[in-house]
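Presented below is the structure to which this report refers.
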Amino acid sequence: MNRHASTGTPPIPFVDVAAQRRRLGSSIDEAIARVTAHCQFIQGPEVFAFERDLAQFCGARHVVSCASGTDALLMVLMARDIGPGDAVFCPAFTFCATAEAVVLVGATPVFVDVRESTFNIDVDSLRRAIASAEASGLRAKAVIPVDLFGLPADHDAIAAVAREHGLFVLDDAAQAFGATYHGRKVGTLAAATATSFFPAKPLGGYGDGGAIATDDDELADVLRSLRAHGAGADRYDNVRIGINGRLDTLQAAVLIEKLRIFPQEIEARGQAAERYRAALADIVAVPVATNDATSVWAQFTLRVASETRDRLAAALRADGIPTAIYYPKPLNRQQAYCRFPVAPGGVGVSERLSKEVISLPMHAYLDAPTQDRVIAAVRRAVKSLL
């Protein structure tokens, strides 16, 4: 076993995919073997079984699987005929895929600020952004709230604004599938919900994958066509422009097995988050736990003074503790996106968070002794930096 040079202790993984693999054991091997036996690698029976299982899990009428979380966002925008001249409102503090899908359909992402307490979209900033976009001649068409770090956004407030302005709501739940909001599961909080099965996600595959959950029968039919090059009655009857966006059967087979233990993993993540919160709340800003929502804790993200963050990361690294920065630049500051509009008043919270956030190891297999080591290292490092 490799050991950290300065501490002589085993390195701590940021996300321990190997521990989950050990728990799943032969079930994964057997699932993969079934696929390699029937050889239906594209749109095999496991794909449709996984879609059925995931729909039952979240309570949506339909789940349409696809090749990635980005494709999930893109396909919904395509299905809604969103394109040039249309404004789609996105938080500035998120991964680029949220805005990337908007640009790929030719529409204009308009960046909205987030709330400090939740890292999720600020409804007041959204209202200002809508008014500004419409005044500039753009058609306000959709909003993509992001359920960042595993915590659902304020979907009731967002839905109210959407109804007022005729916006389609596409929930970007790449990090939050399995969470709840007012007792409702992610997947039922918006007209369409996109998620990702990237390996590091709470429900992750062994490669890329994604899905869309919706109660809209017509939308689901269009999405199934879009993921297969716009196929109609058969694969050579193309009724619309689509993409090659199908989920591989092997990934579906793996995800079926992972979904079986997902509820237990969500509970374990919550327990790990509470241990972090209880042990660190007196020395750093820890993420909130709200009464109206549950988180799947895709990340456990602290906030520290911007001038000390890099030194904290270095001190933890010296102790064999990995950290990550989600996200070092808001989208409006990135080269590919800086030309797009920003809500009036700017996105000051997003700008500030990008300088202050730092995430600690978080996964369902973070046992108490390992977590105690992380906590001790954080406390020691923070005290040394005061």
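A few notes on this one:
- Most mobile listed residue (ALA253, ALA101, ALA37) in the chain, GNM with C-alpha springs under 10 Å: ALA37
- Antiparallel DSSP beta bridges within segment 135-200, as percent of all bridges there, nearest 5: 25 percent
- Convex hull volume of the C-alpha atoms in segment 185-266, normalised per residue: 108 Å³.
- The residue list GLY209, SER132, ALA279 was ranked by how far each Cα lies along the charge dipole of the chain toward its positive end, using unit charges on Cβ atoms, and ALA279 comes out on top.
- Under 5 Å from the amide H of ALA228 lie the amide H atoms of ILE243, GLY245, each residue being 5 or more positions distant or on a separate chain, with H modelled from the backbone and absent for Pro and chain starts.
- Nearby lysines by direct alpha-carbon distance to LYS383 (threshold 28 angstrom, same-chain neighbours under 8 apart not counted): LYS329, LYS355
- Working note: Karplus 6.51/-1.76/1.60 with θ = phi - 60° gives segment 311-317 the couplings 5, 5, 4, 5, 5, 5, 4 Hz, where Gly and Pro are set to x.
- The slack in the chain from ALA281 to ILE42, taken as 0.36 nm per residue of separation less the alpha-carbon distance, amounts to 81.2 nm.
- Remark on the chain: ratio of C-alpha radius of gyration to 2.2 N^0.38 Å is 1.00.
- Residue exposure sequence - ASP248, ASP282, ASP147 - by fewest surrounding Cβ within 10 Å: ASP282, ASP248, ASP147
- In segment 327-380, trypsin sites (Lys or Arg not before Pro) in a DSSP loop with at most 11 other beta-carbon atoms within 10 Å: ARG339
- Pair TYR236, ARG379: separation of 7 Å Cα→Cβ label points (nm): 7.0 nm
- Computed [θ] at 222 nm, deg cm²/dmol, the chain (DSSP H ≥ 4; -39,500 (n - 2.57); rounded to nearest 500): -13000 deg cm²/dmol
- Within the chain: Cβ-based charge dipole about Cα centre, in debye rounded to nearest 20 (Lys, Arg +1; Asp, Glu -1): 1080 debye
- Over all directions, the projected convex hull of the C-alpha atoms in segment 261-385 averages 9.8 nm² in area.
- With N counted as the residues of segment 260-325, its alpha-carbon radius of gyration over 2.2 N^0.38 Å works out to 1.27.
- Distance from segment 280-337 to segment 224-274 (C-alpha centre basis), Å: 29 Å
- Cα centroid of segment 31-55 to Cα centroid of segment 87-152, whole Å: 35 Å
- Rounded to 5, the percent of DSSP beta bridges in the chain classed as antiparallel: 60 percent
- Order of SER117, SER132, SER125 - criterion: other Cβ atoms within 10 Å of each residue's Cβ, fewest first: SER117, SER132, SER125
- Rel. contact order, % - alpha carbon contacts under 8 angstrom, at least six apart, the chain: 23 percent
Only the coordinates and a few stated rules stand behind these numbers; no lab work does. Because the structure is predicted, anything quoted here is derived from the model rather than measured. Here the Cβ is made from the backbone with ideal geometry for all residues, glycine too, and neighbour counts use every protein chain on show.
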